[in-house]
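First the structure, which I've put down as structure tokens, then a few questions once you've had a look.
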Amino acid sequence: MKTVGIIGVGQMGAPMGKNLLKAGYPLNVYDIDEKQMDLLAEAGAKKATGARDLAARSDVVMTILTWPKVVEEVVLGKGGVLEGLRKGAILIECSSTDHETSIEIGKKVEAAGCRYVEAALRGRYHLVESKELGFLTAGKRETVEECEPILLAIGKKALYTGELGSAKLLKIAGAMLNAAETAVMWEVLAWCLQNGITREGFLEILRERSPGRVEHIAQILNGQLETSPSWVAKDLYHGVKIAGAKEIPTPILSAVNALTNLAQTQNIEGYRYSEMLWKFYERTLRGSKEPPPDSP
């Protein structure tokens, strides 16, 4: 059984590591947060002193980090993964990055005699424990297939998308759809409230069109808000940036991105994306001369 190393054992990485331990995989972990490593060490993982040390002790390394620059530094920088990765070892890059960063890292990893799998996570942290987390994977098919048992120990079956870059792009596409739908939904609710329609009436219409979202939306309207990083906002930013570079017309997504940026300037970016946008519209409504009926 391959020894797996995880760099970044936070909200997503920690439960992923626990699933690997439950499946019997030897596990090395590294994170700048010592407490997070300690929690997994109590469950049977071994703590590494850094990215290079972890890579040197692992057959497969998984990085679950934040921004592209962070991933580049951890993988390609001094004392990074590439310095410790053994010939033939595999890096599975699961971080929230853009496709260009993934392609660049993949080329350098493979040029060093190692192997690379691009992976994009499908789902939120609460789906990891129940193994409902999905994966989009890209790269050489034989390497992806070799890693499939590890991915299946963490979540459900991965969808292979093809060449490097495709998994990250498809994840960004999903995030852009989510962002646009969410922004329109809250805008329509604001319109309803200003025209005397109750929240219950709005939820009934939503129930007909998107029954799976009603419970979550009702919780938000009742003040049950989750505070966690808005990964959708980050992927939306990447998507609009890619569109601009390739001169792809995206007036709607650009408007949603501008709205997202405006919401973030109001110091409410600590909420999940949907919660953040509702807080933005809620503040806008409360700023009106006459508060809308039935507003929280």
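Counting only heavy atoms of protein chains, what accessible area per residue, in Å², does the chain have with a probe of 1.4 Å? Each step should come with its number before you reach the end.
Values: 14390 Å² over 296 residues.
The answer is 49 Å² per residue.
A further question on this structure: What are the ³J(HN,Hα) couplings of segment 129-144, residue after residue, when phi is run through the Karplus curve with 6.51, -1.76, 1.60 and θ = phi - 60°? Round to Hz, x for glycine and proline.
In residue order, the calculated couplings are 4, 8, 6, 9, 5, x, 10, 9, 10, 8, x, 5, 4, 5, 6, 4 Hz.
Taking only the alpha-carbon positions of the chain and ignoring solvent, what does the Debye formula give for the base-10 log of I(q)/I(0) at q = 0.09 Å⁻¹?
The Debye formula, applied to the Cα set alone, gives -0.49.
Roughly what % of Cα-Cα distances in segment 184-286 sit above 21 Å, to the whole percent? If you can, show how the numbers build up before the last one.
Values: 2121 of 5253 pairs.
Tail of P(r) above 21 Å: 40 percent of Cα pairs.
Per residue of segment 233-243, in order, report the coupling 6.51 cos²θ - 1.76 cosθ + 1.60 (Karplus, θ = phi - 60°) as ³J(HN,Hα) in whole Hz, putting x for Gly and Pro.
Here the 3J(HN,Hα) series is 4, 5, 5, 4, 4, 4, x, 5, 5, 4, 4 Hz.
Take the solvent-accessible surface of the protein heavy atoms, probe 1.4 Å, and return the percent of it on the chain that carbon and sulfur atoms account for.
54 percent
Can I ask one more? Ranking request for peptides 203-212, 234-243: highest mean number of other beta-carbon atoms within 10 Å first, then the rest in descending order.
234-243, 203-212
What is the extension gain from residue 214 to residue 148, computed as 0.36 nm multiplied by their sequence separation minus the C-alpha to C-alpha distance, in nm to one decimal?
Numbers: separation 66, 0.36 × 66 = 23.76 nm, distance 3.41 nm.
Gain in length upon complete extension: 20.3 nm.
While we're on this one: Under Stokes-Einstein, with the Kirkwood radius over Cα pairs standing in for Rh, what whole-number D in µm²/s applies to segment 85-232 at 25 °C and 0.890 mPa s? All intermediate terms of the calculation are to be shown ahead of the outcome.
On the way: Rh = 17.7 Å.
Rounded, D is 139 µm²/s.
Regarding segment 227-267, what whole-number volume in Å³ per residue does the convex hull of its Cα atoms give? Let's see the in-between values first.
Details: hull volume 2.4 nm³, N = 41.
Once divided by residue count, the hull of segment 227-267 is 59 Å³.
Hey, any idea what Rg/Rh is for segment 96-155, computing Rh the Kirkwood way over Cα pairs?
Numbers: Rg = 12.7 Å, Rh = 12.5 Å.
The Rg/Rh ratio comes out at 1.01.
Moving on. Roughly how tilted is helix 13-22, in degrees to the nearest 10 and between 0 and 90, from the longest Cα axis of the chain?
With both axes taken from Cα atoms, the answer is about 50 degrees.
Further, regarding this structure: Per residue of segment 221-226, in order, report the coupling 6.51 cos²θ - 1.76 cosθ + 1.60 (Karplus, θ = phi - 60°) as ³J(HN,Hα) in whole Hz, putting x for Gly and Pro.
Going residue by residue, I get 5, 8, x, 8, 9, 9 Hz, with x marking Gly and Pro.
Okay, next question. Can you figure out the FRET efficiency of residue 32 with residue 200, using R₀ = 45 Å and their beta-carbon distance, to the nearest 0.05?
Numbers: r = 46 Å, r/R0 = 1.02.
Once rounded, the FRET efficiency stands at 0.45.
Using helices alone, I'd like the mean residue ellipticity at 222 nm for the chain: each DSSP H run of four-plus residues gives -39500 (n - 2.57), total over residue count, nearest 500.
Details: 13 runs with 160 residues, N = 296.
The per-residue figure over the chain is -17000 deg cm²/dmol.
May I pose another question? With every protein chain kept in the model, how would you rank 216, 99 by accessible area, 1.4 Å probe, largest at the top?
Of 216, 99, the descending order of accessible area is 216, 99.
Ok, one more. Going by amide H atoms built from the backbone, whose H comes under 5 Å of the H on residue 117, apart from near neighbours?
91, 92, 93
Over its Cα atoms, what ratio of radius of gyration to 2.2 N^0.38 Å does segment 24-142 give? List each step's numbers first, then the result.
Working: Rg = 14.0 Å, N = 119, 2.2 N^0.38 = 13.5 Å.
The value comes to 1.03.
Ordering 231, 67 by accessible area with a probe of 1.4 Å, largest first, what comes out? Write down the numbers at each step before the final one.
Working: 231 95, 67 120 Å².
Result, largest first: 67, 231.
Place a point 7 Å from the Cα of residue 3 along the Cα-to-Cβ direction; which residues of segment 76-119 have their backbone N under 14 Å from it?
The answer is 84-87, 89-90, whose backbone nitrogens lie closer than 14 Å to the label point.
With unit charges on the beta carbons (Lys and Arg positive, Asp and Glu negative) and the dipole taken about the Cα centre of the chain, which residue among 58, 44, 119 sits farthest to the positive side?
58
Moving on to the next point. In this model, which of 22/241; 22/279; 108/171; 18/241 are farther than 30 Å apart at the alpha-carbon?
Numbers: 22/241 40 Å; 22/279 39 Å; 108/171 23 Å; 18/241 35 Å.
Over 30 Å Cα-Cα: 22/241; 22/279; 18/241.
The values are calculated or read from the model by the stated rules, or taken from the named source; none is laboratory data. Keep in mind the model is a prediction, meaning the values are calculated, not measured. Positions of Cβ are generated from backbone atoms using ideal geometry, with glycine treated the same way; all protein chains shown enter the neighbour counts. Accessible surface areas use protein heavy atoms only, side chains included; no ligands, DNA or RNA. Shrake-Rupley method; radii C 1.70, N 1.55, O 1.52, S 1.80 Å.
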